[in-house]
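Worksheet: one structure, shown below.
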Amino acid sequence: MVQVQDIAQSARDIAQKLGVQKYDLYGSITDSTSVQVDQGDPKQVKSSNRSSIIVRVWNDAGKMGVTSTTDVDPRGMELALKTAQEASIFGVTEHIPDFSPEATAALPEVDCAKAEQVQVAELIRSLVDAESQVLEAHEAIASVPYNGLAQQDIERFYVNSEGAVRTEGRTYASLYLYTKTEQEGKKPRSAGSFRVSQGLGNLAIADCITEATEKTIAHLDYQKIPSGKYRVVFSGEAFLDLLGAFSNLFNAQSVLDKRSLSTPESIGEAIASPLLSLVDDPLHPHNVGAETFDGEGTPTRKTPLITDGVLAGFMHSAGTAKRLNADLTGHASIGAKVSVGPHFYHVFASQPGTGDYNLDTAENVLLIDDLSALHAGVNALQGSFSLPFDGWLLNKGERISVDSATIAGDFRELLKAIVHIEAEPEFIPGGICPRVWVDDVAVTGE
């Protein structure tokens, strides 16, 4: 890979040549290999080396221009800096982004050793074996139409004209398996599983196979359920999906743009059950993709968002923190506009719920494992949602797969209707969340 120090030096030299006094760069360089298989044979093999860099230049009037490039050699860098310099003439005149005041502050230490990349043949063998085990798990499983095993070596960096030089490297291996059944007189049923780790050697392939097959088999016997209000138990993944769909609640840029369910005055308001606490924790030991700095070079950190049901804070960039007189949190992504987004949600119980919350003895309770159509079924500005789901109706130990049903409601009301958060966490690639019990959720069935 290209050395970040070389990019930094090249940028300094070219900026001096062009008369650019103030600039910064944020980017990544990625080596990736992925494979897919079909009935034991390789279906697709991809390998790539790609780079992506955002270049920002401020002119003498303080206005900023932005461009992007995939070319990290001196010629590409010169063209990018020159283009951004020319674009700065047309830059915004209000709330102009600036360097983060923490762009040269010490970064947190994270133990994240890189794993060795394996040969493509080994990826194919591992995936063919995984597909075979899924197909052999039950006669109804006819295929694994969506599958993939991939490895990546990524280096991220941030450089600016005031001497900031940030860099970190990570390796990832990921596996997904998504099944399809065929049974005479029955609808095809599907289920999937996903796993990610630092490398193929510690990737939980067996767990992925087991989860995909067990969920698929559990969906074979299905029936429609009556419409009505149900006590619902969200899997950790499903609850995190909902949180992600309504992340504007905690997004300072959305708040300032008036495209959020929150306002600057919302901090300190009770927005959820007092049982719920939520932090964004990019440095959590279970976060395989831990990032120690954001797109502006700001060190990342654990950020409380909900504490005992109360809105505790927002996710910030340098610009939003300045405008709202708040501390930086390390959630910026730079581009034509600086955006703000989460890293790794961690949901946990502030206090134990009272009552009997046991899936083995629950009566007429819906367990929602997976939500669909989040792109279409969520109105993030109104707080409403209507979403198809995969799950089961639980009744005194009996588990029946639900056929063609949707849940609907207001996300803020759902947060306040939480009655129990289990102690055992579920570790998901995008965060950590235990199962969450919610009362009186509207479900449309037959």
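Readers should treat all values here as calculations from the given coordinates under stated rules, not as data from a laboratory. The shown structure was predicted, so the numbers you read here are calculated from the model rather than taken from an experiment. Reconstructed Cβ throughout: ideal geometry from the backbone, glycine too, with neighbour counts over all protein chains shown.
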Return the single residue from Thr69, Thr171, Thr307 with maximal mean-square fluctuation; model: Gaussian network over the chain, springs between Cα atoms under 10 Å.
Thr69
Tell me, what HN-Hα J-couplings in whole Hz come from the Karplus equation 6.51 cos²θ - 1.76 cosθ + 1.60 at θ = phi - 60° for each residue of region 422-430, using x for Gly and Pro?
5, 7, 7, x, 9, 9, 10, x, x
Of the listed links Lys43/Lys186; Lys187/Lys215; Lys187/Lys224, those spanning more than 18 angstrom between alpha carbons are Lys43/Lys186
Give the Rg/Rh ratio for region 222-446, taking Rg as the radius of gyration of the Cα atoms and Rh as the Kirkwood radius, to two decimals.
0.99
Please report the spacing between the Cα centers of region 189-208 and region 57-104 in Å, no decimals.
41 Å
Rounded to the nearest 20 debye, dipole of region 222-446 from Cβ charges on Lys, Arg, Asp, Glu:
660 debye
Inverting the mean 1/r over all pairs of different Cα atoms, compute the Kirkwood radius of the chain and quote it in Å.
24.1 Å
Selected from Glu184, Glu237, Glu131 as most flexible by GNM, with the chain as the system and alpha-carbon contacts under 10 Å:
Glu184
Anchor Lys17: lysines whose Cα lies under 24 Å away (excluding residues fewer than 8 positions away in-chain)
Lys63, Lys82
In a GNM of the chain with a 10 Å cut-off on Cα contacts, which of Gly201, Gly228, Gly185 has the highest mean-square fluctuation?
Gly185
Scanning the chain for helices, which whole DSSP H stretches are 24 Å or more long along the axis (Cα) and average -1.0 or more by Kyte-Doolittle?
120-137
Relative contact order, percent, of region 187-331 when contacts are C-alpha pairs under 8 Å separated by at least 6 residues?
18 percent
Pick out, from Leu18, Thr307, Ala142, the residue whose Cα sits farthest towards the positive end of the charge dipole of the chain, with +1 on the Cβ of Lys and Arg and -1 on the Cβ of Asp and Glu.
Leu18
Normalised by the residues of region 222-446, what does the relative contact order come to in percent, with Cα pairs under 8 Å and at least six apart?
31 percent
Could you give each residue of region 383-393 its phi-based ³J(HN,Hα) in whole Hz, using Karplus coefficients 6.51, -1.76, 1.60 with θ = phi - 60°, and x for Gly or Pro?
x, 9, 8, 8, 9, x, 8, 9, x, 9, 8
Cα centroids of region 110-145 and region 310-352: how far apart, whole angstrom?
36 Å
Quick one: which residues, 5 or more positions from Leu261 or on another chain, have an amide H under 5 Å from its amide H? H modelled 1.01 Å from N in the peptide plane, none for Pro or chain starts.
Leu249
Long-range amide H partners of Gly91 with built H, under 5 Å:
Met64
Normalising by the residue count of the chain, find the relative contact order in percent from Cα pairs under 8 Å and 6+ residues apart.
15 percent
What do you get for Rg/Rh over region 68-220 if you use C-alpha atoms and the Kirkwood form of Rh?
1.19
Treat every Asp and Glu Cβ in the chain as -1 and every Lys and Arg Cβ as +1, leave all other atoms uncharged, and give the resulting dipole magnitude about the Cα centre to the nearest 20 debye.
1160 debye
